[in-house]
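Have a look at the structure below, then the notes.
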Amino acid sequence: MSRSDEIPVPQPAQGPRAFGLPGTLVQRWNALAVLACGATVLVLGYRHRWTNDDALIYTRTVRQILAGNGPVYNAGERAETSTGTLWQWLLAAGSSVPGVDDPLRLAVALGLLCTVAGFLLALDGTRRMIRLHRPAGALLPVGVLVLLPLCATWDYATSGLESGLSFGYLGGCWWLLVRVRSEPERDPAPDPERDRGRESPAPRGLRHALTAPGRALPATAFVFGLGPLVRPDLVLVGAVFLVALWVVRRPRPRTALAWTCAAVALPGGYELFRAGYYGVLVPLPAIAKEASGSQWGYGWYYLRNTLDPYLLWVPLGLLAAYGVLHLVRVRRGSRNGSGSGSTGESGSSSGCAPEAARGADAALVAAPVVAGLLSALFVVKVGGDFMHGRMVLPALFLLLLPVLLLPFGRAAALLTAAVTGWGLVCLVALRPPLGSLEDERIVFDSHSVYQQALGAHHPVSQYDHTAAPRDFTLVARHALREGGHTLVLRLPRDSGFPLVPLAPRVRAPVAGAEARLGLAGAVLPLDGRVVDILGLGNPLGAHTEPVSHRKAGHEKPLDRAWILADLTAPGAPVPRGVDPRRVRAARHALTCGPLPDLLDSTRAPLTPGRFWSNLRGSWSRTALRIPPDPLVAERRLC
């Protein structure tokens, strides 16, 4: 085990001043580089502020929470539609402040602030990392210049989604890990034999107890453990950073156990709540998108859809070559005992355990790179997304963390010039395509598409989304004005929006079955029933088997017969375009096999017995899949 008396505290090495400038000017240059990059993100993110339909999914749940109906999309139906759990609750907390009347505007502002904070923390973390082993010289913004010219970076600085929180989380994790590496070890435990004859230490106050080295490590582990609450796939990132934390500090088993408990306390507790409250182990969109499945070909296409339009292979290849050459130079210098930048020269390994110090340094640099590669691999595995660049950005951000800044030198200056040249070309000439590069997979520039569809340059309010005269909006508002207890049903291939009487047991003034879940949730009142015909917010649709693979997360279009069987009474008129035989089969199937329990897990009153039943059946319920065809489902289940 490493101790503070075995491994000295890493200190910045002394050396010549870069550019021949005084140390004060160098420090100001470095601070300016960090702040200028943060300001660029702030300005470009604000100029590209917008929101999409998925952001409205978050804000309806937030409005339900504030109305006292719980974290649900429909009152009386416990379905978890928010993928970013922590983002949902942050918006709910912020929207409870007097004066905040539109959670969507709050999501834009908070997302932008989180993005800027994430970049600033990441840049400062890289600056601190370099100062561990390099002279206090000037730093060049290199890796960050790969991110700043990308349209996707500007777009998802806001968007109303949890992307901004993801940037903040990743930047914060990196900053904390570097801080852990740079601070001294906690004082060794008292040893009577060792301390015999020594002078008793002076009493220490409360301030020292709270700020002494190592006191913040459980809190650091707690932050690393928040990954799955930011986004479920970020559990990989949190796990990698926790392993790096262990390698850097090499704690006793009891201490490591305490860190693990701190990391899993909140995610584990919320997972128990999720299983008992919703009856499944993951948010409903994860089931609808089959996040445990594999679609490697589509995922590779999605990755290329992000990298190819910007020619990102060029700067990434240059940075990779620089990193390999640097590693070769460091290893050669380490063997000779005099290499520039080696740990033997930095002062961090002068002592009894240089190998341990080198291992900690390697873990520090490797953590974000490994986490980024795993994140990219997961995105490719599940088939990517339909929003250009959105799911690739976290992986790209992680990969670039160790090289966001580079110490001044001839190679770094040449690399900076090359990346800057690429960035200028990217800013002037390179833009993502509005739609797919090919017909095999639907991926589009979501920001531009929503600007065109809504006729608003900055659609940042709920009004911006509901003011456009869309067919569903017009029909739903007509149904609300008429006061009929009706279902607005979107027919296949957009062939109409007929009104169908709801069953008396459905406690909602109106229901709407629509593909744009967020829009329907914004148009219908909180006591209305929103039916997602793509399964993201529908407990029944999410558990059907996928029938399409062209648009990520939209592979489960729900047969309208299921909706009519679930929400209308027997004998109700069946609209033209829906087969009455399939409606009858769906009615029968809903009474067979596991389907009654699936519906009860979300709609039955939440008593202690119901909570326990949901908890016990959450595993099998999460794995449940039913045939999308009601005729097949009836034969298989009944």
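The values are calculated or read from the model by the stated rules, or taken from the named source; none is laboratory data. Fair warning: this is a prediction, and the values are worked out from it, not measured in the lab. Cβ: placed from backbone, ideal geometry, glycine included. Neighbour counts: every protein chain shown. Keep in mind that these areas ignore ligands, DNA and RNA; they rest on the heavy atoms of the full protein, side chains included. Shrake-Rupley method; radii C 1.70, N 1.55, O 1.52, S 1.80 Å.
Before moving on, here are some points about what is shown:
- Residue count for the stretch 609-620 under the criterion of being open to solvent by 40 Å² or more (accessible area, probe 1.4 Å) and either touching a Gly at 6+ places or on another chain (Cβ under 7 Å) or not hydroxyl-bearing (Ser, Thr, Tyr) (or both): the result is 6.
- Residues satisfying the stated conditions in the stretch 278-298, i.e. open to solvent by 30 Å² or more (accessible area, probe 1.4 Å) and within 18 Å of residue 615 (Cα to Cα): 281, 282
- Residue check, residue 522 outside any loop (DSSP other than H, G, I, E, B) and open to solvent by 10 Å² or more (accessible area, probe 1.4 Å): yes
- Any hit, the stretch 573-594, residues being under 25 Å from residue 83 (Cβ atoms) and hydrophobic (A, V, I, L, M, F, W, C): no
- Residue within the stretch 159-178 that is within 14 Å of residue 45 (Cα to Cα) and hydroxyl-bearing (Ser, Thr, Tyr) present: yes
- Subset of the stretch 353-378 (residues that are surrounded by fewer than 24 Cβ atoms within 10 Å (Cβ to Cβ) and either closer than 23 Å to residue 299 by Cβ or under 15 Å from the mean Cα position of the chain (by Cα) (or both)): 369, 370, 372, 373, 374, 376, 377, 378
- Options 88, 64; residue that is within 19 Å of residue 233 (Cα to Cα) and of a type outside the set (A, V, I, L, M, F, W, C): 88
- Helices (runs of 4 or more DSSP H) wholly inside the stretch 418-518 that include at least 1 residues being crowded, with 19+ Cβ neighbours inside 10 Å, β-branched (Val, Ile, Thr) and on the phi < 0 side of the Ramachandran plot: 471-482
- Close pairs (7 angstrom Cβ cut-off, 6 or more residues apart or separate chains): assigned to a helix (DSSP H, G or I) in the stretch 624-636, open to solvent by 30 Å² or more (accessible area, probe 1.4 Å) anywhere: 630/559; 630/582; 631/582; 634/588
- Residue tally, condition open to solvent by less than 20 Å² (accessible area, probe 1.4 Å) and farther than 15 Å from residue 30 by Cα, over the stretch 133-147: 2
- Assessment of the stretch 473-487 against the conditions (free of Cβ contacts under 8 Å to residues at least 24 places away in the same chain and under 21 Å from residue 565 (Cβ atoms)) yields no matching residue.
- Across the stretch 470-478, not a single residue is classified as touching a helix residue (DSSP H, G or I) at 6+ places or on another chain (Cβ under 6 Å) and closer than 24 Å to residue 154 by Cβ.
- In the stretch 66-78, the residues that are touching a residue at least 24 places away in the same chain (Cβ under 8 Å) and under 17 Å from residue 510 (Cβ atoms) reach residues that are open to solvent by less than 20 Å² (accessible area, probe 1.4 Å) and in a loop (DSSP other than H, G, I, E, B) with C-beta atoms within less than 7 angstrom, at least six apart or across chains, in these pairs: 73/79; 73/81; 73/537.
- Matching residues, the stretch 259-277, being surrounded by fewer than 17 Cβ atoms within 10 Å (Cβ to Cβ) and of a type in the set (A, V, I, L, M): 265, 266, 272
- Of residues in the stretch 306-351 being within 20 Å of residue 145 (Cα to Cα) and open to solvent by less than 30 Å² (accessible area, probe 1.4 Å), the one modelled with the lowest pLDDT: 323
- Taken over the stretch 71-96, the residue count meeting the criterion of being open to solvent by less than 20 Å² (accessible area, probe 1.4 Å), part of a loop (DSSP other than H, G, I, E, B) and either at positive phi or among the acidic types (Asp, Glu) (or both) is 1.
- Whichever residue in the stretch 541-561 is in contact with a strand residue (DSSP E or B) (Cβ under 8 Å, 6 or more places away or on another chain) and within 23 Å of residue 509 (Cα to Cα) and, among such residues, is most open to solvent (accessible area, probe 1.4 Å): 560
- Scanning the stretch 44-70 for residues that are assigned to a helix (DSSP H, G or I), within 17 Å of residue 522 (Cβ to Cβ) and hydrophobic (A, V, I, L, M, F, W, C) gives 55, 56, 57, 62, 65, 66.
- Restricting the stretch 568-608 to residues that are in a helix (DSSP H, G or I) and among the charged types (D, E, K, R) leaves a set whose member that is most open to solvent (accessible area, probe 1.4 Å) is 584.
- Of all the residues in the stretch 221-258, those that are open to solvent by less than 20 Å² (accessible area, probe 1.4 Å) and either at pLDDT 95 or above or touching a strand residue (DSSP E or B) at 6+ places or on another chain (Cβ under 7 Å) (or both) number 12.
- Test: residue in the stretch 563-579 that is under 33 Å from the mean Cα position of the chain (by Cα), under 16 Å from residue 498 (Cα atoms) and at pLDDT 95 or above: yes
- In the condition set (1) crowded, with 21+ Cβ neighbours inside 10 Å; (2) out of contact with any Gly (no Cβ under 7 Å at 6 or more places or on another chain), residue 105 is compliant with all but (1).
Okay, residues lined up against (1) modelled with pLDDT of 95 or more; (2) out of contact with any helix residue (DSSP H, G or I) (no Cβ under 7 Å at 6 or more places or on another chain):
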position	(1), (2)
5	no, yes
20	no, yes
25	no, yes
30	no, no
46	yes, no
67	yes, yes
79	yes, no
85	yes, no
93	yes, yes
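- Taking the stretch 365-417 as the range and being small (Gly, Ala, Ser), on the phi < 0 side of the Ramachandran plot and touching a residue at least 24 places away in the same chain (Cβ under 8 Å) as the test, the residues that pass are 366, 367, 371, 372, 375, 376, 411, 412, 413.
- Candidates 565, 623 - the one that is of a type in the set (Gly, Ala, Ser), open to solvent by less than 40 Å² (accessible area, probe 1.4 Å) and out of contact with any strand residue (DSSP E or B) (no Cβ under 9 Å at 6 or more places or on another chain): 565
- Of the helices (runs of 4 or more DSSP H) lying entirely inside the stretch 97-181, the ones with 3 or more residues being touching a residue at least 12 places away in the same chain (Cβ under 8 Å) and more than 30 Å from residue 318 (Cβ to Cβ) are found at 103-133.
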